[in-house]
Amino acid sequence: MQNSLSPQPPFAIVVCGPSGCGKTTVGKWIANHLHCDFLEGDDYHSAHNVAKMKKGIPLTDDDRLPWLFTLHGLIRTSVAQGKTVVLSCSALKRKYRDLLRGSDGDGKVYFVMLTTNAEVLRSRVGARKGHYMPASLVTSQLELLEPLSSDETGVQVCSEVSVEKTAKKVIHAMNLPFTSRL
């Protein structure tokens, strides 16, 4: 994991971590700041996956695989079209991130792992209105969570502060300009 990056457009930022860490809100802030597209990974789950999660049943690797391939395709297409994109996706395991990066990642996929403690996660997930992910699944996500390895391109940032402060920490850690027009 590199502490100081300087991605050159086009690239993809995958904002990852367990449910409730702030992937969507921080990802949207970063995308807005960079004037690029934001993709909500949850929007691409199958009806089967959503139904399982609504029932409080953790997804298996087999459940996640088609979803991850879809997200990889979105990343690949955006970068190939010369577009920078920010994607929210739990990407809890190294092998999930490897799939998202793909063999054609060519240094264009960066991971932002958002971290916070379990109580904060459960509180945030429990306070959501209209989302299918119950707070009971936070524990299973934390059990699966594999922090970024030293050879993964990205940064790890604590998300216990405001969305703006968290996003600015990411912008600073990735060496992105504050007035970018990508």
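The values are calculated or read from the model by the stated rules, or taken from the named source; none is laboratory data. As the structure is a prediction and not an experimental result, all values here were calculated from the model. Note that we place each Cβ from the backbone using ideal geometry, even for glycine, and neighbour counts take in every protein chain shown. Surface accessibility is based on the protein's heavy atoms, side chains included, excluding ligands, DNA and RNA. Shrake-Rupley method; radii C 1.70, N 1.55, O 1.52, S 1.80 Å.
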- If you go through segment 21-41, how many residues are charged (D, E, K, R) and under 10 Å from the mean Cα position of the chain (by Cα)? 2
- Query: In segment 76-108, how many residues are aliphatic (A, V, I, L, M) and open to solvent by 10 Å² or more (accessible area, probe 1.4 Å)?
  - Reply: 3
- Criterion (of a type outside the set (A, V, I, L, M), on the phi < 0 side of the Ramachandran plot, within 16 Å of the chain's Cα centre (by Cα) and not in a helix (DSSP H, G or I)) met by exactly one of 9, 18: 18
- Message: Any residue at all in segment 110-125 that's surrounded by fewer than 16 Cβ atoms within 10 Å (Cβ to Cβ) and either farther than 22 Å from residue 165 by Cβ or at pLDDT 95 or above (or both)?
- Response: no
- Of the candidates 52, 28, the one satisfying the condition of being farther than 15 Å from residue 101 by Cβ, assigned to a helix (DSSP H, G or I), in contact with a Leu (Cβ under 8 Å, 6 or more places away or on another chain) and basic (Lys, Arg) is 52
- Query: Pick from segment 51-75 the residues that are of a type in the set (Lys, Arg) and without any contact (Cβ under 8 Å) to a residue 24 or more places away in the chain: which of them is surrounded by the fewest Cβ atoms within 10 Å (Cβ to Cβ)?
  - Reply: 55
- Hey, can you tell me all the residues within segment 142-167 that are among the polar types (S, T, N, Q) and within 19 Å of residue 26 (Cα to Cα)? 153, 156, 159, 162, 166
- Considering only segment 8-49, state which residues are crowded, with 19+ Cβ neighbours inside 10 Å and of a type in the set (A, V, I, L, M). 12, 13, 14, 15, 26, 30, 31, 34, 39
